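Please read the structure below before turning to the comments.
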Amino acid sequence: MLDVLHGFLALYLVDVAGLRPVDAGLGVAVWTGAGLAGDALLVLVLRRSNGLTVIRATAVASLVAYPAFLLVPGLALKLAALGALGLLNSGWYAIPKAGLYESFPGRSGAAVAVGGIGGIAAASVPARGE
């Protein structure tokens, strides 16, 4: 939903949704801008809410917003749904990363190492294309 959608967003908008390349560029800009705005709003939201609750609530809302993005016709509706998705997925990296650092109080180097080991382990699994 995060990097994968961002990576293929312009391609989807041009090849599947039938938009012009310039409109696809606008879609990527909306996705990026909404993500930045969502990250800024996340600071305010996390002052009042638990991070895990925020992730759960935004994941449920994304279950509605993502199919809406895929199904709605026209540029304006697609951009609106894309903006909503950009806001909703804010914090999906930051909140779990903060939890990792919280689990190693005073040992941020250990948290970085554990995160790196997880990345190495994931990268070492070969992709199977059959």
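We did not get these values from a lab; they are worked out from the coordinates using the rules stated. Note that the structure is predicted; figures quoted are calculated from it, not measured. Cβ atoms come from the backbone with ideal geometry, glycine included; neighbour counts cover every protein chain shown.
What the table below lists for this structure:
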quantity	calculated
The range 70-81 - phi-based ³J(HN,Hα) in whole Hz, Karplus 6.51/-1.76/1.60, Gly and Pro as x	5, 9, 5, x, x, 5, 4, 5, 5, 5, 5, 5
Under the Karplus curve 6.51 cos²θ - 1.76 cosθ + 1.60, θ = phi - 60°, whole-Hz ³J(HN,Hα) for the range 29-39, x wherever Gly or Pro sits	5, 5, 4, 5, x, 5, x, 5, 5, x, 5
Zone residues, the range 51-80, relative to L2, backbone N less than 18 Å from point 7 Å out along Cα-to-Cβ	51-63, 66
Phi-based couplings in Hz for the range 51-66 (Karplus 6.51, -1.76, 1.60; Gly and Pro marked x)	x, 5, 5, 5, 4, 4, 5, 6, 5, 5, 5, 5, 5, 9, 5, 5
